[in-house]
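Colleague: Have a look at this one before I ask anything.
The values are calculated or read from the model by the stated rules, or taken from the named source; none is laboratory data. It should be emphasised that the depicted structure is a prediction, and the values quoted were computed from it without experimental measurement. Ideal geometry is used to build each Cβ from the backbone, glycine not excepted, and the neighbour counts take in all protein chains shown. In case anyone asks, the SASA skips ligands and DNA or RNA and just uses the protein heavy atoms, side chains included. Shrake-Rupley method; radii C 1.70, N 1.55, O 1.52, S 1.80 Å.
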Amino acid sequence: MEHVNYTSISQLGADSSSSSSSANSAMILCCECGVAIQPNPANMCVTCLRNHVDITENIPKQAVLHFCRNCERYLQPPNEWVQASLESRELLAVCLKKLKGLKEVKLIDAGFIWTEQHSKRIKVKLTVHGEISGGTVLQQVFIVEFTVQNQMCTDCHRTEAKDFWRCLVQVRQRAENKKTFYYLEQLILKYKAHENTLGIKPEHGGLDFYYVSENHARRMVDFLQTMVPSKVTTSKRLISHDIHSNNYNYKYNWSVEIAPISKDSAVCISKKLRQQLGNISPVCLVNRVSSNIHLIDPLTGQIAEVTTQVYFRAPFEAVCNPKQLIEYVVMDIDVIHEKDRKSYPGQGMLSNKHALCDVWVVRTSELGINDNPIHTRSHLGHLLKVGDSVMGYNTGEANINDPEFDKLPTDQIPDVILVRKHYDRQTRLSQRLWKIKHLADEKTDERSKYDYHEFLDDIEENPDIRGHINIYRDTKKSLPIEVETSAAGDVPQITLAEMLEDMTLDCADDEMGDGEQPEPLPEPEPQL
């Protein structure tokens with residue numbers, strides 16, 4: 001009987017098994033389909049993991065976005081409406097906040113997939129990482145489709161209610177000339193101070209601005225006080241209150257009264273105020289109205305500023321308004337040099353933009369009939385020449401009811417106060433290739449039309465005013481060839497470089513784009 005060494009056989013078997021296991025240790029078989037794979041905690045291949053595990057099962061693949069068509073804002077949960085354009089970062093943030101299951105996975109990437117603008121569909125492509133049993137991290141890419149539904153926001157609901165408002169700002173100017181009010185309207189449009197209004201309603205002598213928030217109304221009042229001299233009166237009315245929670249519901253009202261002074265008006269200043277302004281002449285012209293009232297003495301060229309506080313402490317009104325202007329013709333003119341100007345009384349500053357002159361004028365209606373020209377002194381020496389037409393006030397024959405004016409001696413009252421040079425109205429209208437916008441509908445009465453055309457003339461003559469106004473190119477008008485090629489005379493004009501193009505968004509659906517529309521990307525398979 002042959003002896004068998006089991007010890008050596010067992011050692012030999014152990015050596016052979018260790019060599020074979022070391023050769024096959026890099027690959028294992030999938031527990032589901034038996035395919036050789038790299039070892040992983042789940043012991044399953046990518047296909048089996050995809051069939052058994054879905055890391056995005058708690059994330060909805062379809063959702064709804066609420067969009068307000070009136071203000072073009074999206075609802076951001078819970079109750080905030082945000083402004084967001086298509087395929088913007090703001091809209092992507094709104095879409096991601098609508099998905100509740102994103103907290104369970106790690107978001108790697110997010111982006112939009114192109115959809116038709118009018119389809120009311122928004123598709124977002126998401127890439128997420130998720131950890132499954134055994135510590136395996138699985139990456140998956142999927143697409144979420146959002147349906148855009150129209151829903152009116154709370155602010156637009158209040159706007160449509162017509163009568164619902166909490167704050168009212170009433171802007172009024174009780175004056176015969178409305179040029180200051182037209183200037184304020186353009187300032188509001190320039191700096192977009194009316195963006196948060198519920199509505200704008202024209203009233204007799206001004207405009208009414210309706211607001212929901214008290215902060216927006218106060219911001220509007222502060223803007224008005226910064227731009228024009230005005231006085232504000234505040235009131236409030238109790239609508240309802242809760243005695244248990246001590247909550248009160250008020251309606252607030254701000255009355256903003258603009259100073260009844262406009263450019264080119266003649267004013268009479270009291271003696272006390274004249275001394276504060278450097279002994280300026282009692283009868284002055286309003287050169288400009290901004291946050292302060294800028295005065296100029298037509299007899300000496302002296303200028304002064306009256307602040308809002310000083311004006312409403314001792315208010316003065318216009319003794320002559322632009323509707324009382326009379327057209328004169330310059331018969332002779334003698335410009336006064338700079339060295340002679342300083343010899344006149346007065347301690348204030350002198351205007352460097354004006355030239356003082358002695359001028360002899362005759363009424364246009366009396367030209368050829370009256371051979372006795374009227375002598376006066378004017379600050380328009382840099383503009384006038386013999387034969388020009390000029391507009392002025394005939395204070396000698398005007399019916400002026402002002403207590404300060406009645407106290408003045410005759411030698412301090414000029415017979416004629418020249419205000420501005422006159423240009424042919426038809427020539428100015430034919431060469432006016434620009435326009436401005438308005439907050440409310442334009443008035444059609446003759447008085448308002450005259451004031452409005454005077455305001456447009458001031459825009460053309462004063463470059464300082466144009467810096468605070470948006471001037472748009474009027475595409476309905478074109479300059480004739482004979483006017484373009486020939487000299488247009490000394491009529492002030494606005495160049496094309498100072499005009500803005502009025503943007504229009506009207507285009508057909510088939511003009512939205514000429515290129516081919518990109519196809520949506522296919523949904524990729526999850527990767528291990």
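Colleague: I want to make sure I understand the PRE zone here: with the label point 7 angstrom from the Cα of H52 toward its beta carbon, which residues in the stretch 117-148 have backbone N atoms less than 15 Å away?
Modeller: What the label zone holds, given the 15 Å backbone N cut-off, is 132-138.
Colleague: Right, here's the next one. Which value, in Å² and to the nearest 10, is the accessible area of S235 when all protein chains are kept and the probe is 1.4 Å?
Modeller: Surface accessible to solvent at S235 totals approximately 60 Å².
Colleague: Follow-up question, since we're still on this one. Express the accessible area of the stretch 59-102 per residue in Å², computed with a 1.4 Å probe while the remaining protein chains stay in the model. Don't jump to the answer; show the numbers that get you there.
Modeller: On the way: 2660 Å² over 44 residues.
Spelled out: the 1.4 Å probe surface of the stretch 59-102, per residue, equals 60 Å².
Colleague: A further question follows. Here is the link list: K178/K271; K178/K421; K449/K477; K179/K476; K323/K353; K103/K123. Which ones come out longer than 23 Å on Cα distance? Walk me through the numbers before you get to the answer.
Modeller: Numbers: K178/K271 28 Å; K178/K421 20 Å; K449/K477 20 Å; K179/K476 25 Å; K323/K353 25 Å; K103/K123 20 Å.
Table pairs above 23 Å Cα-Cα are K178/K271; K179/K476; K323/K353.
Colleague: Please list T307, T410, T234 in order of solvent-accessible area, largest first, computed with a 1.4 Å probe with all protein chains present.
Modeller: Values: T307 50, T410 120, T234 85 Å².
Accessible-area ranking of T307, T410, T234, largest first: T410, T234, T307.
Colleague: On to the next question. For V137 and K61 in one chain, what is 0.36 nm times their gap in residues minus the Cα-Cα distance, to one decimal in nm?
Modeller: 25.2 nm is the gain from fully extending V137 to K61.
Colleague: Now for a different question. Ignoring ligands, DNA and RNA, please state the percent of accessible area on the stretch 249-404 from carbon and sulfur, probe 1.4 Å. Before the final figure, lay out each step's value.
Modeller: Details: 3440 of 7400 Å².
Within the stretch 249-404, the accessible surface is 46 percent carbon and sulfur.
Colleague: Show D54, D388, D424 ordered by accessible area, largest first, where the area counts protein heavy atoms only and the probe is 1.4 Å. Working shown, then result.
Modeller: Numbers: D54 60, D388 20, D424 85 Å².
Final ranking, largest accessible area leading: D424, D54, D388.
Colleague: At 1.4 Å probe size, with every protein chain present, just tell me what the per residue accessible area of the stretch 379-445 comes to in Å².
Modeller: 54 Å²
Colleague: So if I take the centroid of the Cα atoms in the stretch 224-272 and the same for the stretch 89-116, what is the distance between those two points in Å?
Modeller: Using only Cα atoms, the two centres lie 48 Å from each other.
Colleague: So, taking all protein chains as they sit and a 1.4 Å probe, how much accessible area belongs to Y182, in Å² rounded to tens?
Modeller: For Y182, the solvent-accessible surface is approximately 40 Å².
Colleague: Work out the charge dipole of the stretch 263-383 with +1 on the Cβ of Lys and Arg and -1 on the Cβ of Asp and Glu about the Cα centre, then indicate which of S365, Y328, V289 is farthest towards its positive end.
Modeller: Comparing the listed Cα positions along the dipole, V289 ranks first.
Colleague: Could you give the accessible area per residue of the stretch 269-326, probe 1.4 Å, as a whole number in Å²? Intermediate results must be reported in sequence, preceding the final value.
Modeller: Details: 2370 Å² over 58 residues.
About 41 Å² of surface per residue is accessible.
Colleague: Leaving ligands and nucleic acids out of the surface, order R313, R172, R447 by accessible area at 1.4 Å, largest first.
Modeller: Working: R313 175, R172 40, R447 85 Å².
These residues rank, largest area first, as R313, R447, R172.
Colleague: A further question follows. Provide the solvent-accessible area of E498, counting protein heavy atoms only and rolling a 1.4 Å probe, rounded to the nearest 10 Å².
Modeller: Accessible surface of E498 is approximately 70 Å².
Colleague: Next question. Alpha carbon centre of the stretch 196-215 versus the stretch 374-439: separation in Å?
Modeller: Between the Cα centre of the stretch 196-215 and that of the stretch 374-439, the gap is 35 Å.
Colleague: Output the relative contact order of the stretch 291-396, whole-number percent, from Cα pairs under 8 angstrom with separation of 6+ residues.
Modeller: On the way: 174 pairs, mean separation 36.7, N = 106.
Once normalised by length, the contact order is 35 percent.
Colleague: Follow-up question, since we're still on this one. State the answer as a single residue: which of V94, L126, G199 lies farthest towards the positive end of the charge dipole of the stretch 70-202, with beta carbon charges of +1 for Lys and Arg and -1 for Asp and Glu, about the Cα centre.
Modeller: Ranked along the dipole, the leading option is G199.
Colleague: Here's a follow-up. Once you sort the root eigenvalues of the Cα gyration tensor of the stretch 254-382 as a ≥ b ≥ c, which label holds: rounded (a/c under 1.5), prolate (a/b larger than b/c) or oblate (the other case)?
Modeller: Cα axes put the stretch 254-382 in the oblate bin.
Colleague: If you don't mind, another one. Explain nothing, just the number: relative contact order of the stretch 151-297, from Cα pairs under 8 Å at least 6 residues apart, as a whole percent.
Modeller: Details: 245 pairs, mean separation 36.7, N = 147.
Once normalised by length, the contact order is 25 percent.
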